[in-house]
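A.B. asks: Quick one: this structure, given as structure tokens, is what I'll be asking you about.
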């Protein structure tokens, strides 16, 4: 019996999203860029999807760009801003690699985070104030929710600082992990550009959404046929886009209830594990964390070994990100937060989602306690 | 599973024998690798083979330990004037220590590799590390450090096969590694840049004067750290004339001495950090101390006698007939007089 607690990595597609996309695989299969009525049918489907997404995000349909996922959206935002505007990119040290590597690639600046994983607001201010007219800050990227430990960024404060000290800079947020837990309308009004990834909210892998506020221009990453108003060329993944809109709508509608339901499950998971084994740290305090993530550090436990034993009990969890070889890398997020090695080596992320039930929690608690005790024997 | 054909077939053999097998690739070197061992594409090969064999494939990140036990000592050795063997240190500290420790922790009964070697039990019940069936491919030298405990926890499934048989088996199974060339070189030294590029980024090279055995000057080398005992080429010596070898490297004084082959010959030399297959052999060596000595991965063995010190961690080797000096830092392995199995081994001293 599989106990899937890796929803932050990906979550099962919602049945209504699958149902919505099927007709577009073998029925309405035309290329929406064509000029015949068959193409117009496909075109209409994505325009309707666009309207749905725009409503959930609280923006105009013209501000929505469909992409291949969160990584593309992050790349398009950072690289697109710097290529268009020159200047310097800034991000926090706990960003997902899709942002961090881009900022490093364009020799940008990385701002430290504190022990909670929040971007250090003073350091951010100092960085923005340290810019020169020759090297202005042109894009600032701060993720809405951290994918590893679940920290919620105080976006309002961040936006205030960026608008005050770098008013011309593009403010981007990777909101990939925020979609299930927050009203995206509240986040979108604070930023210029936002990236989302469909497979994190029950849509398909390989599709994402960017919101680019009108008046903010990025150099497109992908050139070609001029789709998405020249912002992202390439034949539309029609079925994927339909599924994405359906999944996003479902997520928005169910969100309030889901937040309550998942919070209760997550709190029970953490409380019962902490009662069952000693020397475990709840990495970030609950009030600063999204409901779906339970991130724990087991002192002096090797997390590779822990994940192996959990896998034997069919519990799916994760620890840090994997590198190209499939090996786990030590977590740059925990390092940025200053978590000591004897704890971070035993980092475990259990993440919950729309299919998580009480029996998942029961099995996970037993498996984690069993595995940790076995390793510590 | 390194991504090579030997470990691929080793896994296949174990599965065929009915064992519960899990394939593991160790992520060791984080930088570029073009030598066919442990790069990202090699991990892909290992994973694909595991999938074809129907076994789980895991990747363990031991890169920190690799840096500590293999890479950093490799660099330091060159600074200090030694010629290290990093692949042996990888076996010693990673495969048969870190990995076997992890395997025990996870409840496994043994680890296996694709090395061409065999583990046999002699009449007294002592485990012996024997040479692999294929003489040309025998790798007992590089795994010589295994003691009774590790020998009891290790399996070498392809040790009874020739290389040709291994490739044949891989072909039968449709494994993509069947015709993959063997990795010859150190995984973190690229084929294009070599040691010079790798070390050049990490240590300053010192110019050394080259002198003849009588002390008369013979030239200069740009990088003392890259010079090894016994080296003939790359010294900037004029061609023609008798063969000139590096007969001594004086690291503190940055001086290299060249001479003819006779200048290389030694009757005795010291070996440190000696480890034994079976502690019981040490006592036996006090009375019957004939051994065969091998000082490179596929080198010939030469007869010698051993004088073991009080704590059995150092040995003086006395050759039956003089042999070329072995560069300090190289592994020296002792075989029984019938040349079948390893007795022990250590590191050649200065």
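Each reported figure results from applying straightforward, stated rules to the coordinates on display, with no laboratory input. Note that the structure is predicted; figures quoted are calculated from it, not measured. Here Cβ is always computed from backbone atoms with ideal geometry, including for glycine, and neighbour counts include all displayed protein chains.
A.B. asks: Can you give me the angle between helix B:163-172 and the longest principal axis of chain B, using Cα atoms only, in degrees from 0 to 90, rounded to the nearest 10?
C.D. replies: Computed tilt is about 30 degrees.
A.B. asks: Neighbouring Cβ atoms within 10 Å as the yardstick, rank B:151, B:265, A:350 fewest first.
C.D. replies: Numbers: B:151 22, B:265 13, A:350 29.
So the residues, fewest neighbours to most, are B:265, B:151, A:350.
A.B. asks: Something else: Calculate the mean, over all residues of peptide A:325-335, of how many other protein chain Cβ atoms lie within 10 angstrom of the residue's Cβ.
C.D. replies: 5
A.B. asks: Please identify, among A:27, A:70, A:202, the residue showing maximal mean-square fluctuation in a Gaussian network model of chain A using a 10 angstrom Cα cutoff.
C.D. replies: Highest fluctuation of the listed residues: A:27.
A.B. asks: Work out the FRET efficiency for residue B:148 and residue B:266 from their Cβ-Cβ distance, taking R0 = 30 Å, and round it to the nearest 0.05.
C.D. replies: After rounding, the FRET efficiency stands at 0.40.
A.B. asks: Now, a different point. Report the full-extension gain for the segment residue A:366 to residue A:105: residue separation times 0.36 nm, less the Cα-Cα distance, to one decimal in nm. It would help to have the intermediate numbers written out before the result.
C.D. replies: Details: separation 261, 0.36 × 261 = 93.96 nm, distance 4.35 nm.
In short, 89.6 nm is gained.
A.B. asks: Over all directions, average the projected area of the Cα convex hull of the protein assembly as shown and note it in nm².
C.D. replies: Working: hull surface 156.2 nm².
Mean projected area for the protein assembly as shown: 39.1 nm², to one decimal.
A.B. asks: Rounded to the nearest 500, what is chain A's calculated 222 nm mean residue ellipticity when only DSSP H runs of at least 4 contribute -39500 (n - 2.57) each, over all residues?
C.D. replies: Helix-only estimate at 222 nm: -13500 deg cm²/dmol.
A.B. asks: Right, something else. Run the Debye formula on the Cα coordinates of chain A, all scatterers equal and no solvent, and tell me log10 I(q)/I(0) at q = 0.11 1/Å.
C.D. replies: Here the Debye-derived log intensity ratios amount to -0.77.
A.B. asks: What distance in nm separates the simple spin-label points at residue A:84 and residue B:97, each placed 7 Å from Cα in the Cβ direction?
C.D. replies: 5.5 nm
A.B. asks: Distances over 15 Å make up what percent of all Cα-Cα pairs in the range B:204-259?
C.D. replies: Numbers: 567 of 1540 pairs.
Here the tail beyond 15 Å accounts for 37 percent of pairs.
A.B. asks: Ranking A:78, B:119 by Cβ neighbours within 10 Å, fewest first, what do you get? Walk me through the numbers before you get to the answer.
C.D. replies: Details: A:78 35, B:119 18.
Ordered by Cβ neighbours within 10 Å, fewest first: B:119, A:78.
A.B. asks: If I model a spin label as a point 7 Å beyond the Cα along the Cα-Cβ vector, how far apart are those points for residue A:322 and residue A:259 in nm?
C.D. replies: So the two model labels end up 3.3 nm from each other.
A.B. asks: Taking 41 Å as R0, compute the FRET efficiency from the Cβ-Cβ separation of residue A:48 and residue B:41 and round it to 0.05.
C.D. replies: 0.40
A.B. asks: For residue A:164, project a label point 7 Å along Cα to C-beta. Then give me every residue of the range A:106-138 with its amide nitrogen under 20 Å of that point.
C.D. replies: A:111-114, A:118-132, A:137-138
A.B. asks: Right, another one. Measure off 7 Å from each Cα along the Cα-to-Cβ vector at residue B:123 and residue B:171, then give the distance between these two points in nanometres to one decimal.
C.D. replies: 4.2 nm
A.B. asks: Right, something else. Among A:212, B:203, A:152, which comes first, then next, by fewest other beta-carbon atoms within 10 Å?
C.D. replies: B:203, A:152, A:212
A.B. asks: Okay, helix-only estimate at 222 nm for chain B: each DSSP H run of n ≥ 4 adds -39500 (n - 2.57), divide by all residues, round to 500 deg cm²/dmol; what do you get?
C.D. replies: Computed ellipticity for chain B at 222 nm equals -6000 deg cm²/dmol.
A.B. asks: How much length is gained if the chain between residue A:186 and residue A:285 is pulled fully straight, taking 0.36 nm per residue apart and subtracting their Cα-Cα distance, in nm to one decimal?
C.D. replies: Result: 33.4 nm gained on full extension.
A.B. asks: I would also like to ask the following. Grab the Cα-Cα distance for residue B:105 and residue B:296, subtract it from 0.36 nm times how many residues apart they are, and report the gain in nm with one decimal.
C.D. replies: Between residue B:105 and residue B:296, full extension yields an extra 65.4 nm.
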